[in-house]
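Student: Okay, handing you the structure first.
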Amino acid sequence: MRQHEGMELRRGDGSVIRVEVVGERDAAPVLFCHGLADSRLSACWFGPAAAELGLRLIAPDRPGTGGSDPHRLSRVADWVEDARLVLDALQVDAVALLGVSGGGPFAAACAVALDGRVRSLTLVSPLGPPGWPTHGMAPGERLSLVLAGYAPAFCGWSMGLLGELARRRPQAFFRLAGTSLPDIDNRALGQPGTRESFLLNYTEAFRRGSWGVAQDLRVLTRPWGYDLGSISVPATIHHGDADTTVPLQHARLFAEAIPGARLQIHHGQGHFSILAAARELLATPTG
């Protein structure tokens, strides 16, 4: 398999799941769960680190985002069937899980339901379930999360407007997005290549409209359909203490809820700047 390859798989109803695979065929597989208003293409940020560590990232778009067709989910736990289909199609028997931000709950769901074929779970800046405290979250992020619990379609639509702004007027998009971010994140997103990659990922998330992001918001702000205490695989949580997108308290609560989980706090790092430590973040899934 080439170092970087996209493919399409089909669910039983004929609908498409778009998957990005980064790495060589014989490398150790890692199922990559992208964040909210993000896409499979964000796995490419981890490409050089994955190559160094001998890992292969398998990154599906969730239903309705990026290149994947819409497919109704009632709970976060329902996405496991997509994950199972992808792993079966690629003949992966044992896999590590990596979930970033809003993708963390989806990765954790796989750790519960695919227990027999999961080697480890790594969560990076993971968003917690409804009801967890939001102290430390930027006011706009907190308001969006509250609204999403009542009107996910509206919130998805409004985020889609930002996606259109990112496509048409990227400078205005970054000025608007940057108002709620710490300086460390704004500096990280201003780096050559990172800015363009972030824009590509964000706009790709809305390629088919806002339905997929709205569904993510809906299931993330309702009961997830599984118990974090049921996770029995080795788990590591990474989080920056300057993160204003997802508060550090969420990472602490994940570490308390998952038996034996290890919490790694990255001092001075935010929600996006932490991704510069890709090699450290990826090193734990090989265990």
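The values are calculated or read from the model by the stated rules, or taken from the named source; none is laboratory data. Here the structure is a predicted model, which means the values were calculated and not measured. Backbone-built Cβ (ideal geometry, glycine too); neighbour counts: all protein chains shown. All accessible areas refer to the heavy atoms of the entire protein, side chains included, with ligands and DNA or RNA removed. Shrake-Rupley method; radii C 1.70, N 1.55, O 1.52, S 1.80 Å.
Student: Limited to segment 7-44, what total is found for residues that are assigned to a strand (DSSP E or B) and either open to solvent by less than 10 Å² (accessible area, probe 1.4 Å) or touching a residue at least 24 places away in the same chain (Cβ under 8 Å) (or both)?
Tutor: Residues of segment 7-44 that are assigned to a strand (DSSP E or B), as a first pass: 7-10, 16-22, 28-33.
If we keep only those that are either open to solvent by less than 10 Å² (accessible area, probe 1.4 Å) or touching a residue at least 24 places away in the same chain (Cβ under 8 Å) (or both) too, we end up with 8-9, 16-22, 28-33.
Residues meeting the conditions: 15.
Student: Given (1) more than 19 Å from the chain's Cα centre (by Cα); (2) touching a residue at least 12 places away in the same chain (Cβ under 8 Å); (3) in a helix (DSSP H, G or I); (4) more than 29 Å from I17 (Cα to Cα), where does A166 come up short, assuming only one miss?
Tutor: It is condition (4) that A166 fails.
Student: Another one. Identify, from the list F206, F254, the residue that is modelled with pLDDT of 95 or more, crowded, with 23+ Cβ neighbours inside 10 Å, closer than 27 Å to G64 by Cβ and within 18 Å of the chain's Cα centre (by Cα). If you could, list the steps in order and put the result at the bottom.
Tutor: On the way: F206 fails: modelled with pLDDT of 95 or more.
Unique residue meeting the criteria: F254.
Student: Another question about this same structure. What single numbered condition from (1) small (G, A, S); (2) more than 19 Å from the chain's Cα centre (by Cα); (3) closer than 19 Å to D69 by Cα fails to hold for G35?
Tutor: Condition (2) is where G35 drops out.
Student: Determine, yes or no, whether P105 is touching a helix residue (DSSP H, G or I) at 6+ places or on another chain (Cβ under 6 Å) and surrounded by fewer than 18 Cβ atoms within 10 Å (Cβ to Cβ). Give the steps one after another, and end with the answer.
Tutor: Numbers: touching a helix residue (DSSP H, G or I) at 6+ places or on another chain (Cβ under 6 Å): yes; surrounded by fewer than 18 Cβ atoms within 10 Å (Cβ to Cβ): no.
So P105 fails the test.
Student: Please tell me if P130 is in contact with a Lys or Arg (Cβ under 6 Å, 6 or more places away or on another chain), at pLDDT below 95 and of a type outside the set (D, E, K, R).
Tutor: Details: in contact with a Lys or Arg (Cβ under 6 Å, 6 or more places away or on another chain): no; at pLDDT below 95: yes; of a type outside the set (D, E, K, R): yes.
Answer is no for this residue.
Student: Say we look at segment 219-250 and pick out the residues that are of a type in the set (S, T, Y) and part of a loop (DSSP other than H, G, I, E, B); which of these is farthest from the chain's Cα centre (by Cα)? Even if it seems obvious, please write down each step before you answer.
Tutor: Of all residues in segment 219-250, those of a type in the set (S, T, Y) come to 221, 226, 230, 232, 236, 244-245.
Those left that are additionally part of a loop (DSSP other than H, G, I, E, B): 221, 226, 232, 244-245.
Values: T221: 15, Y226: 18, S232: 21, T244: 16, T245: 13 Å.
Ranking the qualifying residues of segment 219-250, first place goes to S232.
Student: Also: Kindly check whether there is at least one residue in segment 117-128 that is within 15 Å of L220 (Cα to Cα) and open to solvent by 20 Å² or more (accessible area, probe 1.4 Å).
Tutor: The answer is no, given that none of the residues of segment 117-128 is within 15 Å of L220 (Cα to Cα) and open to solvent by 20 Å² or more (accessible area, probe 1.4 Å).
Student: Here is a follow-up. Give the residues of segment 85-108 that are more than 17 Å from the chain's Cα centre (by Cα) and either touching a residue at least 24 places away in the same chain (Cβ under 8 Å) or at positive phi (or both), sorted by residue number. Before you say what the answer is, go through the steps one by one.
Tutor: Residues of segment 85-108 that are more than 17 Å from the chain's Cα centre (by Cα), as a first pass: 85, 87-94.
Listed by number, the residues that qualify are L85, L87, A89, L90, Q91, V92, D93, A94.
Student: Could you list, ordered by first residue, the pairs with Cβ atoms under 6 Å in which the first is in segment 112-140 and more than 30 Å from Q91 (Cβ to Cβ) and the second is surrounded by fewer than 21 Cβ atoms within 10 Å (Cβ to Cβ) and of a type in the set (G, A, S), at least 6 apart or interchain?
Tutor: Listed by first residue and then by second, the contacts come to A138/S180; G140/S180.
Student: Can you pull out the residues in segment 181-203 that are open to solvent by 40 Å² or more (accessible area, probe 1.4 Å) and modelled with pLDDT under 90?
Tutor: Within segment 181-203, G190, Q191, P192, G193, T194, R195, E196, L200 qualify.
Student: So G268 passes all but one of these: (1) more than 20 Å from P60 (Cβ to Cβ); (2) modelled with pLDDT of 95 or more; (3) open to solvent by less than 30 Å² (accessible area, probe 1.4 Å); (4) not aliphatic (A, V, I, L, M). Which condition number does it fail?
Tutor: Evaluating G268 over (1) more than 20 Å from P60 (Cβ to Cβ); (2) modelled with pLDDT of 95 or more; (3) open to solvent by less than 30 Å² (accessible area, probe 1.4 Å); (4) not aliphatic (A, V, I, L, M) leaves (3) as the failure.
Student: Closer than 21 Å to W224 by Cα, modelled with pLDDT under 95 and of a type in the set (K, R) - does that describe any residue in segment 137-158?
Tutor: yes
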